[in-house]
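What follows draws every value from the coordinates through simple rules; no lab data is involved. Since the structure is predicted, the reported quantities are computational estimates derived from the model, not experimental observations. FYI the Cβ positions are ideal-geometry reconstructions off the backbone, even for glycines, and counts take in every protein chain you see.
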Amino acid sequence: MRWDEPEPAFGFLLHDISRLLRKRFDRRARNLGLTKSQWIVLAHLARHEGIKQSGLAEVLEVEPITLARHLDRLGHAGWVQRRADPADRRAWRLHLTEAAGPLLEALGALVDETMDEALAGLGPAERGRLYAALTAVRGNLSQREEGVNGKRPAPRRGVPAGRE
């Protein structure tokens, strides 16, 4: 393998794009009085409303105590609410409050601005193909990750199960 070939550069390219998107979005979100960590928690919570606190920490790949501090701040601001889990008295379910609605709308507008900037020059068909390709890459890696975590990975295309 050569490090200057397109395939090895793919990971670096994705990393750079991700970093630049976060940086660009963070600049815009600062006007809302949010830190990067706070808007990331809110964005994921909006996608996983009612998730357990431990589950959100796993999704965010942070320590539960780190997430707890963010949630404390977001709760004091009136945007997030912890509710007891009816099935597990030791666990908390996380919910956005009504007050978070306008904030999430503003964050959504910033997402749209940032994505329009990032995808400038790409038409709808190109954007669709890019999204489909990246979704496939994520799916490939998700299947492999499940195998690493003790679940049997799906066989590679064209390779019978057990002959990988």
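Considering segment 44-84 alone, what residues qualify as being surrounded by fewer than 15 Cβ atoms within 10 Å (Cβ to Cβ) and not in a helix (DSSP H, G or I)?
Correct list: His48, Glu49, Gly50, Glu61, Glu63, Gly78, Arg83, Ala84.
What residue, among those in segment 25-34 that are surrounded by fewer than 13 Cβ atoms within 10 Å (Cβ to Cβ) and farther than 14 Å from Ala77 by Cβ, is farthest from the chain's Cα centre (by Cα)?
Asn31
Enumerate the pairs (first residue in segment 25-49 and more than 16 Å from Pro102 (Cα to Cα); second residue anywhere and aromatic (Phe, Trp, Tyr) and in a helix (DSSP H, G or I)) with beta-carbon separation below 8 Å, excluding pairs fewer than 6 apart on the same chain, so at least 6 apart or on different chains.
Within 8 Å, the pairs are Phe25/Trp39; Asp26/Trp39.
Of a type in the set (Ser, Thr, Tyr), exposed (fewer than 11 other Cβ atoms within 10 Å of the Cβ) and part of a helix (DSSP H, G or I): does that describe Ser37?
No, not satisfied.
Considering Val41, Val80, Val62, which residue is over 24 Å from Ser142 (Cβ atoms) and among the aliphatic types (A, V, I, L, M)? Break it down into steps so the answer makes sense when it comes.
Details: Val41 fails: over 24 Å from Ser142 (Cβ atoms); Val62 fails: over 24 Å from Ser142 (Cβ atoms).
Just one listed residue meets the conditions, Val80.
May I ask you to list pairs of residues, at least six apart or on different chains, whose Cβ atoms are under 7 Å apart, with the first in segment 83-108 being among the basic types (Lys, Arg) and the second being surrounded by 14 or more Cβ atoms within 10 Å (Cβ to Cβ) and not in a loop (DSSP other than H, G, I, E, B)?
Taking only residues 6 or more apart or on different chains, the pairs are Arg83/Trp92; Arg83/Arg93; Arg83/His95; Arg93/Lys52; Arg93/Asp85.
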